[in-house]
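Remarks on the structure that follows.
The values are calculated or read from the model by the stated rules, or taken from the named source; none is laboratory data. Predicted model only: the values in this text are computed from it and were never measured. Glycine gets a Cβ as well: all are built from the backbone with ideal geometry, and neighbour counts include every protein chain shown.
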Amino acid sequence: MSRRALYVETVIRTDLGTLWRYTQDPDLHERWDLRFARIEPVAGVPGRFRYATKFLGFVINGTGTHAGESERPDGGRTSALRFASADPLSLIKSGSGYWRYTPVEDGVRFVTGFDYITRWGAFGRLADLLFRPLFGWMTAWSFDRLRLWLETGCPPEELPLLSPAASRCRRSPRTGKDGTAPRILDTLEQA
């Protein structure tokens, strides 16, 4: 991950198994994550998925691959992914990231770190100066939306728009491994 990689962290008062299910099940994931309109596994190809996102009225499609470690010696779990879009309207050409789940006294610390490569040359790099902070905000807002769903039981579709707040999430990594991509990411094929 580069110095410009996005990072979001929150603590959710739930158990590890529940959080894992709500983040790994595509039907549940697309309900809380503002970044995705659709996440669909590719039939017969384990770990592969297609996604769609809506941005400024455009639908942008992409593909991805993911893998997860469901049992770690420290009691936590990790999930890693690679994603790409051949859609010429997509600013993002390809990227990779991870989710880290760490049991803590009052729930589970849920962390993501991800980075991506833009297209469109110099114009893409310039557009990313505006897009990257927005994408980070969308990620943090979505993490808080998931937190509210799991802690209150109120489905994300019924939460008032201003209930989730990106400001409740940490946006820079702590010293240690949280800001470092897990080794499982190295084993994933390109999306």
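Observations
- The range 100-126 residues that are within 17 Å of SER142 (Cβ to Cβ) and hydrophobic (A, V, I, L, M, F, W, C), paired with ones that are surrounded by fewer than 16 Cβ atoms within 10 Å (Cβ to Cβ) and modelled with pLDDT of 95 or more (beta carbon under 9 Å, 6 or more apart): VAL108/ARG13; VAL108/ASP15; VAL108/THR18
- The number of residues in the range 95-108 being crowded, with 19+ Cβ neighbours inside 10 Å and out of contact with any Lys or Arg (no Cβ under 7 Å at 6 or more places or on another chain) comes to 6.
- The set of residues from the range 20-61 being surrounded by 12 or more Cβ atoms within 10 Å (Cβ to Cβ), among the aromatic types (Phe, Trp, Tyr) and free of Cβ contacts under 8 Å to residues at least 40 places away in the same chain comprises PHE36, PHE49, TYR51, PHE55.
- Residues of the range 127-174 that are free of Cβ contacts under 8 Å to residues at least 40 places away in the same chain, under 17 Å from the mean Cα position of the chain (by Cα) and outside any helix (DSSP H, G or I): PRO164, ALA165.
- Selection within the range 113-134 - under 18 Å from SER167 (Cα atoms) and surrounded by 19 or more Cβ atoms within 10 Å (Cβ to Cβ): GLY113
- Scanning the range 77-103 for residues that are in a strand (DSSP E or B) and more than 18 Å from SER172 (Cβ to Cβ) yields a count of 15.
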